[in-house]
Amino acid sequence: MSYRYGEYREGPDPLAPPYDVRSALDQMGDSVLAGANPSHALRDLLKQGLPGADDRRGLDDLLREVRRRRRELRERGRLDGTLEQARALLDKAIGQERAELFPDPSDDARLREAELDGLPSDAAGAIQELSGYQWRSAAARQTFEELRDLLRREVLDSQFRGMREALANPDPAAMERVRQMMSALNDMLDRDARGEHTPEDFDAFMSKYGDMFPEAPRNLEELVDLLARRAAATQRLMASLTPRQREELSRLIDQTLDQAGLGEQMRRLGDSLYARRPDLAWNTPERLSGEDPLGMGDAVNALEELADLTQLEAALRQDYPGARLDDIDEAAVRRALGRSAVDDLDALKRIERELERQGYLRRQRGKLELTPKAVRRLGETALRRVFASLDSGRRGDHDQVDAGSAGELTGSTRPWRFGDEQPIDVVRTVVNGVRRGGAAGTVTLSVDDFEVAETERRTAAAVCLLVDLSYSMALRGTWAAAKQTAMALQALVASKFPQDSVQIIGFSNYARVLQPDELAGLEWDMVQGTNLHHALLIAGRHLDRHPDFEPVVLVVTDGEPTAHLRRNGSAAFEWPPTRETLDLTLAEVDKMTRRRATLNVFMLADDERLRDFVNEVARRNGGRVFSSNADRLGEYVVSDFLRVRRKR
C-alpha cells in the first residue's frame, strides 16, 4: 500500500476533533423550553450561530455581511463610465484634429472642419462617421485608436471576465483567436443542445482556450452558468441606463462587435445562454448612487455581484416555505463573502446533519421532531433549572445519595436484575466471582455474579399532570413555563421515581394524553375552550388502572372550565361557562376525592371566576390552591410533588 501527500487546499479539516453537538442541542433547548417548537428552535439556532470555542457565524451574521456588501457596491460609482470615457476620447481626438487643421489655409482643411462640424451629436454616430475618416493629425489618429481599443476591451470584458487584460495590447492574431474561441464555444453549445456533447469535448475546448476563462470552470454546466450570469448582468446594465444612454451604448457595442467580426457569434451566444438560463434577472434595472464613473466591464462586475447578493440574501433569510440550508449556493457565498463564510455555512449545515445522525432529531412526514433521547436531555435541563431555584434548606433537595433514598435496607441480598437501583453488595458479588472462577488467578466478574442489597419497597404513585393548552395560555405568556414544568416533572419521575406511573394530559376544547417525546414539540391549541371535565375523566382512568398506587393529581390552568364532554363524545363550549359545564367538572372532582386523590391547582391568572372555581374545588377535595407567577411555576409544581412523595 502506498500513500501520496500533498498541500492541503480545501475541504473539512482532517485533524478536527469529533463534532460535539451537545452545545447546539443545549442552545436549541433554550428555545424549546421557552415555548418554541423544534423547527423554530433549529431555525433560531442557525440564525444565531454557535458562539463559543468555534465562534461560528450564523445566518443573521452572514445576512448582515451581504447587506453591507450590497451597500458598498451601490455606492461604488455610476454605470455610464464607458460612455463618458468614449465621449472624452472622442472630443479629444476631434480637438487634436481641429488644432492640426486650423493653421492650414487650404480648402481641404476647411472641408475637413465642415465634416467635423457635421458629426452626429451622439458618440455612437460620431464614431461610426469617423471610422473611415483620414486623420491629418497623428495624435488625433492615436487617440481615436485608443477609443476603439477601449470599446473593444470593455465590450469583450463585459461578456468574458478578464478579457480586458488579454486584449490590453491587441494584435490581429489575438482577435482572430477570440473569434475562433467564440465559434468553437457556440458549436459546443449547439452540440450539447442536440445531445451530442461529451466531457472530452469540453476538456479539448478548455485545453485550447482555458486562459480566457480565469474562473476555471470544471464542466460545460459551470461554464454556461458563468457566461449566463455575466450576460444577464450586461442586460441589467443596459436596462439601468436612461433610454438615450441605452440607445447610444447599444449602438457602440454593435459597432465594436461588428468591426471585430464577432457580432453574429455574440448574438448566437446570447440566444443560447438566455434559452438555458431564463430564470436569471435579465432586464431588471439596478440603481448605483456613486459619483465615480465605472467602465463597462467594472459596471458589469458590480451588477453581477449585486445579482448574486440579492439571491444570496433571499436564501439566507430562510423565510419561505420549505427553506433549507442546501438552498444556499456555496459558490455564491464564496464569491461574495470569501472562504471563511463558506466554512461558517458548512458548520451550520453540519449542525442539522449531526443532530440527526447522533439521534437527537428526526423527520416524520416532513416535520422536524426531537427524539426521546433529546427530550430526556431537555427534560433534565428543565429539572436542573427548577432545582437551581429551590431553597434546599427550606424545601429539601431531592438529589439525595444515601441508601435510604431507595428504601430502608433489609439485610438480605438478591441477584441483580436490569433496572435495579439498589446498592451493589460488593462482598457477595466478589464471592460469587471467586466461586465461579476458582480461588487461583485473577477474579473475573460476569453479570450473573452481581448481587444487590434488598430494600423495603417504596410507595409508588400514579401521577397526573393536567396542563391547559388553550390559546389564552399563549396570550398571557404562560405557555412556555407550563411546557417547561411538564418536561421537568416527566424527567424527575423518570430519573428519581421510576416505579411511579406518570401521565401528562393536555386540555383545551378536548383533552388528550401527551407522550414524553411529544412534549418538546408541543404547542398551544388555536381553539376556544378549557375542557377540564374531559381531562379529569382521562386522569381518573389512569388512577383506576393503578389502584395500589398513591394518587397525585396536579392541575395547571389560567381559566375556569368553559367546555365539557357530551355523552356522544362531542365537546360543548360556552362562555361564560354554563351551570352544566361547572356541575359536570365538579362531579369529576368529587370522584377524585372518593379515589383519595388530592387535587392541587396552580393558577396562572388572577381572575375572579377562576378563584371562585378553584376555591370550590379545594373545599370539595381538600387539595391546595397555588397562585404562582409563570416564572416560579416549575418550582411550585415540583416542590409540591416532592412534598407528597416524601410524606409517603
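The values are calculated or read from the model by the stated rules, or taken from the named source; none is laboratory data. No experiment lies behind these values; they were computed from the predicted model shown. A quick note on method: Cβ atoms are made from the backbone with ideal geometry, for glycine too, and the neighbour counts reach across all protein chains shown. With ligands, DNA and RNA removed, areas are computed over all heavy atoms of the protein, side chains included. Shrake-Rupley method; radii C 1.70, N 1.55, O 1.52, S 1.80 Å.
From the list Leu90, Leu119, which one is over 22 Å from Arg334 (Cα atoms), of a type in the set (A, V, I, L, M) and assigned to a loop (DSSP other than H, G, I, E, B)?
On inspection, the qualifying residue turns out to be Leu119.
Of all residues in the range 313-337, which are within 26 Å of Ala216 (Cβ to Cβ) and among the charged types (D, E, K, R)? Steps first, answer last, please.
Going through the range 313-337, the residues within 26 Å of Ala216 (Cβ to Cβ) turn out to be 315, 326-337.
Across the range 313-337, the qualifying residues are Asp326, Asp327, Asp329, Glu330, Arg334, Arg335.
Search the range 552-575 for residues being open to solvent by 60 Å² or more (accessible area, probe 1.4 Å) and in contact (Cβ under 8 Å) with a residue 12 or more places away in the chain, and hand back the single one that is nearest to Val493 (Cα to Cα). Walk me through how you get there before you give the answer.
Let us first name the residues in the range 552-575 that are open to solvent by 60 Å² or more (accessible area, probe 1.4 Å), namely 566-568, 573-575.
Among the residues that remain, those that are also in contact (Cβ under 8 Å) with a residue 12 or more places away in the chain are: 573-575.
Numbers: Phe573: 34, Glu574: 36, Trp575: 36 Å.
Going through the qualifying residues, I end up with Phe573.
Please work out if Glu154 is in contact (Cβ under 8 Å) with a residue 12 or more places away in the chain, part of a helix (DSSP H, G or I) and under 17 Å from Gln85 (Cα atoms). Even if it seems obvious, please write down each step before you answer.
Details: in contact (Cβ under 8 Å) with a residue 12 or more places away in the chain: yes; part of a helix (DSSP H, G or I): yes; under 17 Å from Gln85 (Cα atoms): yes.
Taking the combined requirement at face value, the residue satisfies it.
Could you tell me which residue of the range 250-264 is modelled with the highest pLDDT, considering only residues that are of a type in the set (A, V, I, L, M, F, W, C) and part of a loop (DSSP other than H, G, I, E, B)?
Leu262
I need the full set of residues from the range 285-323 which are at pLDDT 80 or above and of a type in the set (S, T, N, Q), in order please.
Residues satisfying the conditions are Thr310, Gln311.
Filter the range 239-282 down to residues that are open to solvent by 30 Å² or more (accessible area, probe 1.4 Å), within 22 Å of Asp192 (Cα to Cα) and among the aliphatic types (A, V, I, L, M), then give me how many there are.
1
Quick one: would you say His542 is surrounded by 22 or more Cβ atoms within 10 Å (Cβ to Cβ) and under 16 Å from Ile505 (Cα atoms)?
Taking the combined requirement at face value, the residue does not satisfy it.
Please go through the range 587-616 and pick out each residue that is β-branched (Val, Ile, Thr) and modelled with pLDDT under 85. Give the steps one after another, and end with the answer.
Of the range 587-616, the ones β-branched (Val, Ile, Thr) are 589, 593, 598, 601, 614.
Scanning the range 587-616 gives Thr598, Val601, Val614.
Within the range 156-208, which residues are modelled with pLDDT under 75 and crowded, with 16+ Cβ neighbours inside 10 Å?
The answer is Leu156, Asp157, Ser158, Gln159, Phe160, Arg161, Met163, Arg164, Ala166, Leu167, Pro170.
Can you say whether Glu145 is part of a helix (DSSP H, G or I), out of contact with any Asp or Glu (no Cβ under 9 Å at 6 or more places or on another chain) and closer than 24 Å to Asp258 by Cβ, as far as the supplied structure shows?
Considered against the rule, which asks whether it is part of a helix (DSSP H, G or I), out of contact with any Asp or Glu (no Cβ under 9 Å at 6 or more places or on another chain) and closer than 24 Å to Asp258 by Cβ, Glu145 comes out as yes.
Find the helices (runs of 4 or more DSSP H) located wholly in the range 471-551 whose residues include 3 or more that are at pLDDT 80 or above and of a type outside the set (D, E, K, R), and list them. Break it down into steps so the answer makes sense when it comes.
Working: elements: 471-475, 479-496, 532-544.
Qualifying helices (runs of 4 or more DSSP H): 532-544.
Tally time: how many residues in the range 122-142 are modelled with pLDDT under 85, open to solvent by 30 Å² or more (accessible area, probe 1.4 Å) and in a helix (DSSP H, G or I)?
Number of matching residues: 2.
When the residues of the range 585-600 are narrowed to those that are among the β-branched types (Val, Ile, Thr) and open to solvent by 10 Å² or more (accessible area, probe 1.4 Å), which ends up nearest to the chain's Cα centre (by Cα)?
Out of the qualifying residues, it is Thr598.
Residues in the range 301-324: is at least one part of a helix (DSSP H, G or I), buried (at least 20 other Cβ atoms within 10 Å of the Cβ), touching a Ser or Thr at 6+ places or on another chain (Cβ under 7 Å) and of a type outside the set (Lys, Arg)?
no
Condition (residue is touching a helix residue (DSSP H, G or I) at 6+ places or on another chain (Cβ under 7 Å) and among the hydroxyl-bearing types (Ser, Thr, Tyr)) applied to the range 99-114: is it met by at least one residue?
No, that holds for no residue.
Collect the residues in the range 342-366 that are open to solvent by less than 40 Å² (accessible area, probe 1.4 Å) and closer than 20 Å to Arg56 by Cα, keeping them in residue-number order. Before the answer, list the steps.
Narrowing the range 342-366 to residues open to solvent by less than 40 Å² (accessible area, probe 1.4 Å): 342, 344-345, 347-349, 351-352, 354-355, 359-361.
Hits for the range 342-366 are Val342, Asp344, Leu345, Ala347, Leu348, Lys349, Ile351, Glu352, Glu354, Leu355.
Go through the residues of the range 77-89 one by one and say whether even a single one is over 25 Å from Leu348 (Cβ atoms) and free of Cβ contacts under 8 Å to residues at least 12 places away in the same chain.
Yes, the range 77-89 contains a residue that is over 25 Å from Leu348 (Cβ atoms) and free of Cβ contacts under 8 Å to residues at least 12 places away in the same chain.
To keep it simple, each residue is scored yes or no on (1) at positive phi; (2) among the acidic types (Asp, Glu).
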{"site": "Gly569", "(1), (2)": "yes, no"}
{"site": "Ala572", "(1), (2)": "no, no"}
{"site": "Trp575", "(1), (2)": "no, no"}
{"site": "Leu582", "(1), (2)": "no, no"}
{"site": "Ala587", "(1), (2)": "no, no"}
{"site": "Arg595", "(1), (2)": "no, no"}
{"site": "Asn600", "(1), (2)": "no, no"}
{"site": "Asp606", "(1), (2)": "no, yes"}
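Can you tell me how many residues within the range 450-470 are crowded, with 24+ Cβ neighbours inside 10 Å and modelled with pLDDT under 70?
Of the residues in that region, 0 qualify.
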